[in-house]
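Trainee: The structure that follows is given in the form of structure tokens.
The values are calculated or read from the model by the stated rules, or taken from the named source; none is laboratory data. Just so it is clear, the model here is predicted, and its values are computed rather than measured. Glycine also receives a Cβ, built like all others from the backbone with ideal geometry; neighbour counts cover every protein chain displayed. The area values use the complete protein model at the heavy-atom level, side chains included, leaving out ligands, DNA and RNA. Shrake-Rupley method; radii C 1.70, N 1.55, O 1.52, S 1.80 Å.
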Amino acid sequence: MVPAPMLDVHPPVGAPNGEASSSQQKSQKQMTKAERRELQERQRAAKAAKAAANGAPSKPAAKPKESAPSGSAAKPKPNRVSDAQARPAAPAAARAAEKAKAGQAAATTDAMARTQARGLLIFSHFGLPKPVSAAKGDIHPAIVRLALQFSTFKITGANARCIATLTAFKTIIQDYVTPPNHTLSRHLMTYLSPQISHLVAARPMSVTMGNAIRQLKLEISGTDPDLPEQDAKDALCRKIDTYMRERILIADQVIQETASSKIKDGDVILTYARSSVVEKVLLDAHASGRDFSVIVVDSRPMLEGKRLAAVLSEAGIQCTYLLLPALGSVISEVSTVLVGAHSIHTNGAVYSRAGTALVAMMAKRHSVPVVVCCETYKFSETIQLDSFSKNELAPVGDLFSSFPNTKPRESLTLENQPNLEILNPLYDLTPPTCITAVVTEVGVIPPNSISSIPVALGRLL
């Protein structure tokens, strides 16, 4: 008699659950395996969220299961119904989470777009100063150190960078060991390629470095394969020393003798920024007993003229230091403008520190001769018409002094800000029409005859 009432009570409650389970199983059969897995993950996430919100009510519901089995059969059913009610809410919660992630990604994209829109995209092709990344491949420690010095502008100037590069290559060649079944003339070229790429990644290669590396590769390819390895490496190092001595050091000596002879007593020489060869010319002229004065024009962000003014004044030369905007006030008193060059091109244009073109144009306007001191290994067979197609950017940080100087130096550094973009091009191009003569180790050449330099050197650059 007891089972009958039990049968009368259970079907009304169990039938809906059975129908729900059968419909749920039917819907799951229609799903793919990936969809069922996604549904299970959403259900678990919904249960965990509900347990955290309700204080985990599932544990108290387990205790009546041991004390009253008949009552426990009725209590899990409301839990199942609540779970079934929570299942449709799980996709909504997942959608909300996905929308939140999409919103964050959109915000990040918008911020990047605003940054790019704020930046001067027209100058985005300039070589940007950047920190050196981790070395990829077998990079020699000398190259890693040199790349760090290049990227932080610890070594600047075409001559200084070329000498530092060749000196590092000498160390690499001496430490190099030819693998078995390889020849030095072929494998050393392959070994040097990642070293050069690492230097270029730190800072764009200068014309002087390119010419020197091209000559070094030519010497390596011409190495006698029957020569012992150490003798071949010693011979390459001697050729590097010869290149630095003849094309840079001796060339500077010839240039300083030629250019210093053009300086007379009472002349006022104007120079811009700092060139190592111009510095040697002025010191040589002073050592020869000539009495003249120098006007050093400088500009931000490098302010290289400070070092030149300090060296010349310490040597006993009367110097005047001023910034580029004040050039018009003194140009009428100048006898000769003497500047250096980063490179010189076939059409006679001079690629030099930014501001040189302004100085040369101002000097031409006032009929002041402009003399460029440049070694022939800085010659490039390319033709460059402006400083926009190829250039570099100086470091962003710039120090502006305040008067009176009541603020700490850290607060005076100007850097990029949300509404401020700093543009510091390193070089500009001086047209040949503004240049009077170019002093090289092969003689004084007019700018319209620069293309004859390879012929004078026997095509050796």
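Trainee: Scan region 374-390 and tell me whether some residue there is within 17 Å of G305 (Cα to Cα) and either buried (at least 18 other Cβ atoms within 10 Å of the Cβ) or not assigned by TED's automatic domain parsing to the domain that holds S449 (or both).
Mentor: no
Trainee: Could you check region 207-221 and list, in sequence order, the residues that are surrounded by 19 or more Cβ atoms within 10 Å (Cβ to Cβ) and hydroxyl-bearing (S, T, Y)?
Mentor: Within region 207-221, just T208 meets the criteria.
Trainee: Go through region 272-304 and give me each residue that's out of contact with any Ser or Thr (no Cβ under 8 Å at 6 or more places or on another chain) and part of a helix (DSSP H, G or I).
Mentor: Answer for region 272-304, where residues must be out of contact with any Ser or Thr (no Cβ under 8 Å at 6 or more places or on another chain) and part of a helix (DSSP H, G or I): S276, V277, E279, K280, L283, H286, A287.
Trainee: Something else now. Among the residues of region 214-242, what is the count of those that are out of contact with any helix residue (DSSP H, G or I) (no Cβ under 6 Å at 6 or more places or on another chain), closer than 25 Å to S197 by Cα and part of a loop (DSSP other than H, G, I, E, B)?
Mentor: Adding up the residues that qualify gives 1.
Trainee: Out of the residues in region 233-242 that are within 22 Å of V207 (Cα to Cα) and open to solvent by 50 Å² or more (accessible area, probe 1.4 Å), which is nearest to the chain's Cα centre (by Cα)?
Mentor: The selected residue is D241.
Trainee: Out of region 418-461, which residues are surrounded by 16 or more Cβ atoms within 10 Å (Cβ to Cβ) and either within 25 Å of the chain's Cα centre (by Cα) or basic (K, R) (or both)?
Mentor: Those that are surrounded by 16 or more Cβ atoms within 10 Å (Cβ to Cβ) and either within 25 Å of the chain's Cα centre (by Cα) or basic (K, R) (or both): I422, N424, P425, L426, Y427, D428, L429.
Trainee: Starting from residues that are touching a helix residue (DSSP H, G or I) at 6+ places or on another chain (Cβ under 9 Å), open to solvent by less than 30 Å² (accessible area, probe 1.4 Å) and outside any loop (DSSP other than H, G, I, E, B), keep the ones in region 305-323 and report whichever is nearest to A357 (Cα to Cα).
Mentor: The extreme case among them is L322.
Trainee: Also, quick follow-up: Tell me, please, whether a residue that is buried (at least 22 other Cβ atoms within 10 Å of the Cβ) and under 25 Å from L199 (Cα atoms) can be found in region 243-256.
Mentor: Looking through region 243-256, at least one residue is buried (at least 22 other Cβ atoms within 10 Å of the Cβ) and under 25 Å from L199 (Cα atoms).
Trainee: A follow-up question, please. Of the conditions (1) at pLDDT 90 or above; (2) outside any helix (DSSP H, G or I); (3) within 25 Å of N424 (Cα to Cα); (4) open to solvent by 50 Å² or more (accessible area, probe 1.4 Å), V177 satisfies every one except a single condition; which number is it?
Mentor: Here V177 meets the rest and fails (3).
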